[in-house]
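Notes follow the structure.
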Amino acid sequence: MSVDGGARFSPISISDENTVVAEYVPEPSAATGYQSEADLEHELIQILQSQAYEYLPLTSEAQLIANLRAQLEVLNGIVFSNKEWETFFTTRIAGKNDGIVEKTIRIHEDPVQLLTRDDGTTKNIKLIDRQNIHANRLQVINQYEISQGDGGAARSNRYDVTILVNGLPLVHIELKRRGVDIREAFNQIDRYQRDSFWAGSGLFEYVQLFVISNGTLTKYYSNTTRRQHLADAAGAVRTRKTSHSFEFTSWWADANNKPIQELTAFARTFFAKHTLLNILTKYCVLTSDRQLLVMRPYQIVATERILQKIAISTTYKKLGTVEAGGYVWHTTGSGKTLTSFKAAQLASRMPGIDKVLFVVDRKDLDYQTMREYDRFEKGAANSNTSTAVLKRQLEDPQARIIITTIQKLSNFVDSTTNKGHPVYDKHVVIIFDECHRSQFGKMHQSITRSFKRYHLFGFTGTPIFTENMASGGDPLLKTTEQAFGERLHTYTIVDAIADKNVLPFRVDFVNTIKLPDAVADKKVSGIDTEKAFLAPERVRQVVAYILEHFDQKTKRNASYSVGERRLRGFNALFATASIEAARIYYNQFDLQQTGVAPDKRLKVAMIYSFAANESVDDIQGMLPEEDFDPASLTWDSRSALDDAIQDYNEMFGTSFDTNGEGFQNYYRDLSQRLKNREVDLVIVVNMFLTGFDATTLNTLFVDKNLRAHGLLQAYSRTNRILNSVKTYGNIVTFRDLEQETNDALALFGNKEARGIAILKPYAEYYAEYAQLVEEMLTRFAPGVRPTSEQDQRDFIQMFGQILRLENILTSFDEFAGDAILTDRQGQDYRSVYLDLHAEHRKDKEADRESILDDLVFEIELVKQVEINVDYILMLVEQYRKQRGDGDDREIRAQISRAVDASPTLRNKKDLIEAFVESVSATGEVDEQWRAYIEARRTEELEAIIAAENLRAEKARAFMAAAFRDGGGSVTGTAITEVLPPISRFSADGAHSAKRQRVIARLEEFFERFAGLS
C-alpha cells in the first residue's frame, strides 16, 4: 500500500531487538572428538562471555552477597553503608520466612524495594529494571559449591552454570554430557532444591528459569514447573500440583518454528542479552495462584508482531483499515489465551492506545476467558454481564482491557442511542478469539463501520482459506485474510505435535457395527440418512460398544495423580448428530446400565441447547453455535434436558434446571466436574466441542458428520498434555470419517500431517512390542535381578520401552488377549525394576556415582497398574480362610509379590506383612486393618514428635489436616507452628536445617500411611 504518493512500508519490521530470532542458520561444527561435561560447560561460558556476560570465579556465599551489593549499587547509583546494606539485605532480599514463591513475587510484581537510609530518608531500590532492560547487568558463575552444613545445607552440592542478573541468580543451567538422556538433567534438580537451594540466605531460590542440556538437546522451563515437580516427587506433604512434569519443558526455536536444540545455538539465541531479559521481564506471567508461566517462542513471536503492527500502522496512518491488523494462526491447544492476554496487556500499555477489546463469540468463552485473564493478572481485565455494563466500561478510562462477547458488542454498536458515541473515535485494539465464525457476517461489518481508529486482530487454530471458504455471503469477507489482514504468524498442529506441546491422535474407525442399508444409498436425503443412523438396533450396538470398551479407551486400569487426588483413567465426550440423537443415546445408556451396581455405572451427563442452524454440510465444517437459552428448544427437547439435569442433580447433590441462570450454572458445574474427572461421559451435540479444555479428557466418541474446522476442533478436545500415561488423544468414530480426517489435517497442517498427527497402525507397535518381550524373556528371567552393570542398564532400558509400548497398545481393541507377558511375569519384572530404581535413588541421596545415572525410569507408567489396599485385604481374607491347609503359602507369596510390584505399597511392606501375621481368625478383616493402621500411625507420629521435640498438639493437628486434605502446605506459618522454639537468625543455619529435616520426616511419614486407612 503506497504512503504519501509513492513510498511503501514494510508490514512487519523485523528488528535486531526481536526476542525470537527470525531465522537461525546454525554454524557448521568442526568438532568430532569426545566432549566431556566439563568441556561442554567451558564452551558455554565462552559463548556467554562473547555476548557481554561477565565471568565471575565466585566460590562462597559471602562473595555472592558482596557482588550482589556492588551490582545493586551500580544499577541504582547509590552506595550502601554497611548498616543500610545489612538491613536491606535481611529484610528486602533474604527474609528468613521467604521461599520461592515470595521471591518470585518480588521479581515480577515488586521489583522496587524501599531502603531506609541511616539519616531516616527513604530511597527506591530496583532489584531489576523492567523498563530499561539494558540497564541490567549479566554475569555468569560456574561450579558454585555448597558444602554440607553450610547455612544448614543437608548435603554438598555443586551447581553447573548460573546466570546472575544484577547479582541475583535468576537462571540456572544444568548440564549432562552428550549421549546422556536430557531427562536426567531434569531429574537431578530435586537434590538441589531439597538439600541446598534454600541454604544460608536462600539466594538460589530467586532462580526463575531453568535450562537443561546434554549438548545435543536443550530445553527451558519456569521455577513453577521445577517446584511442582519436586513437590510431587516428594509424594507427600505438598503444594497444589499443576503442569510440573518433564512433558511441560519447552524447546526454543526461531520465528519459523525451527527448533534450536544444540547448546551452542541455544546459547547464541536464548542467552542473547536482550532475549533473556525480555523473557524475564515481559514474557513470564505470574498468575494469581502464584504459578510462573514462561511463554514459548511462537507465543512471543505472535505477541511482538501484533505490537509491531500496531506501532507501524499507527505511524503510517493506516488505522481503521485491514492493513492495521492481521491474524495469528496458532493451532488449538497451543496456548492462544496466554498469547492473546500478553498481546492485550502489552498493547494496553502502548502510548496512545485507549482501549483493548478482547472479543469472544460465545457466552461460555466470555466466562472462561475472564477467569483465565484474571488468573494471569488479577483485575487486569473487565467482563460484562450485559450491554449496559459494556457501555459503562467503554466510557471508563480506567477500564483498559475489556472482555466481551461479539453479541454484546454488536448490540452496543447497533443501538441507535449509541450512534456517534465517543468511543468510536478512540484509538482501540480489537482482538477476536477464534476469528472464524460470526465475525464474517453482518456483525463484523457493523463493528468495523462504527469504530474509526481501530486495529483488528484475530486468533484462530483453523483459518478459512479459498479452499474451504463458503459459497455464499459477502464476497469481500470469505477468508480470514480478507476480514483481518495478513497472517502474522503460523504454528500448526504439525508444529505443536513435533514440539510435544499437544498430543497426536489415535483414530479408531469402528466398522463392526452394521450400517443401515439406507445409509449406503447416496441418493437418500441427509435427513433420512440421519434417521437411519438412529435405527434402534444400531443405537443399541453403539452404546454396548462404548460400555464394553470404555475402561480400555479411557485407560481405567491406569492410575495417576491430579492435584492431591489419585485418579484411575480419563474421561470422554460423545458427540452426537442432533438433539434427537443425544436424547436417544442418553436413554439407551440409562437402559443398558439398569441393574449395574452404582460403583460400576458410568456417570453419564448430557448437555445441549438451541442452535439456529443444525446443518454442518457447508465446506468449512463449522459447528453450529448453541446459545445459552434453552427457552428456544421444543417442549420435548427441553423436557428431556430437564430430566437429564435432574439425574445430574441426584448424582451430585446439586439443584440446576433449564431456567435462566440455572442452565448457565449447570454448564459451569458440568465443565468443572469434567475437568476434575468426576463425570465419566458427557453426551453433547456441539457444546464442549470447541474452546473447552480438560487435561483429563482423552477420548471422543463420534456419531456425527465432521469435517475441516469442526473436525479438528472436536478432535482437539482430547490432545491436551497431562503426563506420561496420556500419550495421545483417542478418537473413536462410528462413521467413516477417514477422508475427512486426512483432508482436515492436510488443510490445517500439511500434506505430511497425517504421518505426524495420527498414531502408527497397531501391527507396527505390536511387532516392536513382541520383539522386545521375546528378547526380555530370553535374556532376563522374571523376578531375577541382573547382576552385571551392563545387564542392569539393558534391563532398565528394555523394560522402560515395553512399558511405553504397552501404554499405547492397551487402547487398541486388537490387543485384548494379545499381551505376551502374563500378569505374574509383569509383576516380577516390575519388582526388579522398582528394586533397581530404589537403589538408584539411594545412590543419589548419598551423592554416590551410580551406574544408572544416565538412565530414566518410567515410574509413572509402572504406577498406572497400581495394586490398591482393597486387593491386598482380599488376599488376606483368602489367606486367613486357607491358613494351615498348604494353599496359604502361595497366597502369602502372592501378597509379597503384589506389594513388591507396587511403587506406592513397597515402603509399607513391613506394615502389611506384620498385619498379615497378626490378623485374627474371626472378625472383619477391613475393620482389623483400620484399627491396626490407626494404632501404628499414632505410635510412629508420637516417636517423631519426641525425637524432634515438636509441639505435640500442633504436630498432630497438622498431620490430621494433611491426611484429611490429601496433603499439607509446607510453606507459611502452619509448619512453623509445629517446630520447637529456635532462633531464625542463628549463624549456623540451625533453624533452616531443623525445618528441612522435620519436613522430610513428616513427608516420609505421610507417604508411608497415605491411602492406607
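The values are calculated or read from the model by the stated rules, or taken from the named source; none is laboratory data. Remember, it's a predicted structure, so these values are computed and weren't measured experimentally. Backbone-built Cβ (ideal geometry, glycine too); neighbour counts: all protein chains shown. Heads up: the accessible areas ignore ligands, DNA and RNA and are worked out on the full protein's heavy atoms, side chains in. Shrake-Rupley method; radii C 1.70, N 1.55, O 1.52, S 1.80 Å.
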When you count, for each residue, the other Cβ atoms within 10 Å and take the mean per peptide, how do 679-691, 122-134 rank with the highest first?
-> 679-691, 122-134
Heavy-atom accessible area order for Trp929, Trp251, largest first, 1.4 Å probe | Trp251, Trp929
Accessible surface, the stretch 674-730, averaged per residue in Å² (probe 1.4 Å) | 13
Distant-in-sequence amide H partners of Leu623 (H built 1.01 Å from N, under 5 Å) = Gly710
Highest first, please rank the peptides 996-1009, 774-787, 320-333 by the mean number of other Cβ atoms sitting within 10 Å of their residues.
-> 320-333, 996-1009, 774-787
Using 1/(1 + (r/R0)^6) with R0 = 45 angstrom and r between the beta carbons of Asp425 and Gln63, what's the FRET efficiency to the nearest 0.05?
-> 0.15
Cross-link list Lys555/Lys675; Lys531/Lys704; Lys318/Lys391; Lys83/Lys994: which exceed 19 angstrom alpha carbon to alpha carbon?
-> Lys318/Lys391; Lys83/Lys994
Each label sits 7 Å from Cα toward the beta-carbon; between Ile105 and Gln398 the label points are separated, in nm, by 2.3
Just how far, in whole angstrom, is the stretch 54-132 from the stretch 277-330 if you go by their alpha carbon centroids?
-> 31
Scalar couplings 3J(HN,Hα) for the stretch 803-817 by Karplus 6.51 cos²θ - 1.76 cosθ + 1.60 (θ = phi - 60°), nearest whole Hz, x for Gly and Pro, are 4, 5, 5, 4, 4, 7, 4, 4, 7, 7, 4, 5, 6, 4, x
Virtual spin-label span in nm between Arg453 and Asn557, 7 Å along Cα→Cβ | 6.6
Largest-first ranking of Leu217, Leu834 by accessible area, probe 1.4 Å, whole protein assembly kept, is Leu217, Leu834
Ranked order, Met443, Met622 - accessible area, probe 1.4 Å, largest first | Met443, Met622
Given the Cα-Cα distance of Ala914 and Asn587 and 0.36 nm per residue of separation, how much length would full extension add, in nm?
-> 112.7 nm
SASA check, His42, accessible area w/ 1.4 Å probe, all protein chains in place, rounded to nearest 10 Å², comes out at 110
For the stretch 654-808, diffusion coefficient by Stokes-Einstein and Kirkwood Rh (Cα), 20 °C, 1.002 mPa s, µm²/s = 113
Given a 1.4 Å probe, the accessible area of the stretch 907-948 per residue, as a whole number of Å², is 52
Collect residues whose amide H, placed 1.01 Å from N in the peptide plane, falls under 5 Å from the amide H of Tyr144; neighbours closer than 5 in sequence don't count.
-> Tyr159
Counting only protein heavy atoms with a 1.4 Å probe and every protein chain in place, the carbon and sulfur fraction of the accessible surface of the stretch 28-137 in whole percent equals 50
